[in-house]
1. Of all residues in the range 352-405 being touching a strand residue (DSSP E or B) at 6+ places or on another chain (Cβ under 8 Å) and part of a helix (DSSP H, G or I), which is surrounded by the fewest Cβ atoms within 10 Å (Cβ to Cβ)?
2. Name the residues in the range 116-132 that are over 12 Å from L76 (Cα atoms), aliphatic (A, V, I, L, M) and assigned to a helix (DSSP H, G or I), would you?
3. For the range 122-140, check the following and say yes or no: at least one residue is surrounded by fewer than 17 Cβ atoms within 10 Å (Cβ to Cβ) and within 24 Å of the chain's Cα centre (by Cα).
4. Can you give me the number of residues within the range 285-303 that are modelled with pLDDT under 90 and assigned to a loop (DSSP other than H, G, I, E, B)?
5. If we keep just the residues of the range 76-113 that are assigned to a loop (DSSP other than H, G, I, E, B) and at pLDDT 90 or above, which is surrounded by the most Cβ atoms within 10 Å (Cβ to Cβ)?
6. Quick test for you: out of S186, S172, pick the one residue that is closer than 19 Å to I445 by Cβ and either assigned to a loop (DSSP other than H, G, I, E, B) or more than 24 Å from the chain's Cα centre (by Cα) (or both).
7. Can you list residue pairs whose Cβ atoms sit under 8 Å apart, with the first residue in the range 354-378 being modelled with pLDDT under 90 and aromatic (F, W, Y) and the second being surrounded by fewer than 22 Cβ atoms within 10 Å (Cβ to Cβ) and not in a loop (DSSP other than H, G, I, E, B)? Count only pairs 6 or more apart in sequence or on different chains.
8. Applying the selection to the range 41-54, what residues are assigned to a loop (DSSP other than H, G, I, E, B) and surrounded by 18 or more Cβ atoms within 10 Å (Cβ to Cβ)?
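The values are calculated or read from the model by the stated rules, or taken from the named source; none is laboratory data. Every value quoted in this text rests on a predicted model; they were computed, and no experiment measured them. Cβ atoms come from the backbone with ideal geometry, glycine included; neighbour counts cover every protein chain shown.
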Amino acid sequence: MSARRLLFSLPYPGHLRYFDSVVAELTRRGWEVELYFEAPDKQPEGIESVAALPGVTVGGMLPKRRDRFKHAARALRIAVDYVRYLDPGFADADYLRDRMGVKLPGRWRVLRRLPQLPSRVVRRLIGAGLVVERALPTAPELDELVAERRPSLVLAAPVLMPASRAADLLESARAAGVPTVGAVSSWDNFTTKGIFRVVPDRVLVWNEVQVDEGVDLHLLPRERISITGAQPFDRWFDRRPTRDRAAFAERVGLAVDSPYVLFVGSTASITHPDAEIGFVLDWLAQMRASGGVLADVGVMVRPHPYNSAHWPDVDLAPFAPAVLWPPSGANPVNDDDRADYYDSIAHSAAVVGINTTAMIESAIQRKPVFTIALPEFEETQTGTVHFRYLLPENGGFVQVASSLDDHLAQLESALRNPDAAREQVESFLLRFVRPHGLDKPCTPIVADLIEQTEVQPRVQDGPVARALAAAALRTVFYGPARMRTVRSRLARLSGALRGA
């Protein structure tokens, strides 16, 4: 029996941190896995986690579309991705809307004049855009890749990056009769990226929250969505510290007989380096001035691996005992760095962050987790939908304060009673991370569903929709004069809506 071949598309190698356990499980089951990336030079160290696995090959860059439709497809996709942020559900998401808006091609920037629109209008606009996109022919370069590699199945994740070529790959696979799977990579994918524009044979999500997001925000058929749980976190559930607390504390330069608080950094898109440094220094200063247990509690600052370059120049000595660890940052993609990261959380007494996946990884170790909702972080905290899932009023576990004084009081209380919020943490993990049971790893579930995927009927648009789509392609993408007319009409619509 010939080996089954999986063609797996990801944005860049660093994205493997979400799926390396799945790749390992599939190769263990006899699959050959071919990896393709849209940006193969970004975070190349991500390959380390799967490079030694038998049956894994790196195909390199996912081919780009180069036919006459390439500009049309890109412009349309970014426009649709932008329109979704006009929905009232994203009313406070100025950061996300602006981030997508700057990607709009020149002639499409008129969309930024539109005000917030009713949800039903946004859904119809998105639906119309997807109909037009489905009228585009498949990309010849992706057709050739599928024909040459003859995969048993094509998997793409997260299919949500703005103007992602993964959508073209899935369409080419479906046209060739190859089963297709699309998967979310992380907890924020459905609400911080673009539209899930292709309807593959199966869509893999973590939990019921993401099922609702897929249906409501991305117009995915509910019957195509399967819940797997969050397989990226499997590695943290059954792990144990590599070193005991005393040995670890001595290694990093903290007292072996005193507790420490861990600060986990965020990506640069969440906390600008200067803002993060300023916050941490102010936080440390107020801790030391507060008296009580916080005056001399140990502190470890662990920067995000992709937002760490600025930290080695920061002097934490005035706030001792406080250390930067690791001193030059580290991305936990190999066993040693993962052990070090795990131990950093495991031996801490409490964890503090702004908005980062490390908060969930800390919850898995049943640590009390805290954040401070300050004005300088409003856009990337409450201004994002996924952050709200961490909040207690939404079934989350993070203890939130609106001022540093309130935060320090919460933190001191947790140091005295670290298990006070444990029930809340357990409830979140069961609902959001491992909905099939806290003792049930998610990776085998993902692999099972991939193996069980079969070709499903294609989404069919009616004759009127197809005719409108064809007309849109002719007028919008091939007639500059008509494009000027479209922009003029959009401008008038914007003015009418603002005046309503």
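1. So the residue we want is P392.
2. Of everything in the range 116-132, those that are over 12 Å from L76 (Cα atoms), aliphatic (A, V, I, L, M) and assigned to a helix (DSSP H, G or I) turn out to be V121, V122.
3. Yes, the range 122-140 has at least one match.
4. 1
5. It comes out as D87.
6. S186
7. F377/A275; F377/F279
8. Result: Q43, V50.
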